[in-house]
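Here the structure comes first, spelled out in C-alpha cells, and everything after it is commentary.
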Amino acid sequence: MSEIASDPSDSVHGKLIIHSFIIRMWLEQSDEKACRGIWRGRIIHIPGNEQQYFTDMKSIASFVKSYLKDG
C-alpha cells in the first residue's frame, strides 16, 4: 500500500504516490582469522510494513522495484 496525496501539480496522473523504506545493514564476521565478513540487512516498506532480509544489493533493488509499478 502507498500513501496518496492529491496535488496534481506534483504528479503525472493527478495523484502523488509516495513510498517510504527503511534499510538496515550490518556486518557479520564469517572468518575471524581472515577478518572477513558478510553484509546482511533488512528492508521494510513502511506503509504496508512488509519486510525482506537480504545479503546482496540486487535484493534491495528488486524489493523496491516491486512497489514502483504504474498505479
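Heavy-atom accessible area with a 1.4 Å probe sorts 27, 16, 68, largest first, into 68, 27, 16. Between the beta carbons of residue 69 and residue 42, assuming R0 = 25 Å, the FRET efficiency works out to 0.65 to the nearest 0.05. Computed from the C-beta positions of residue 58 and residue 29, the FRET efficiency with R₀ = 30 Å rounds to 0.85.
The values are calculated or read from the model by the stated rules, or taken from the named source; none is laboratory data. Treat the numbers as computed from the prediction; the structure is a model and nothing was measured. Counting neighbours? That spans all protein chains shown, and the Cβs are built from the backbone with ideal geometry, glycine included. To get the accessible areas, we keep the full protein, side chains included, count just its heavy atoms, and leave off ligands, DNA and RNA. Shrake-Rupley method; radii C 1.70, N 1.55, O 1.52, S 1.80 Å.
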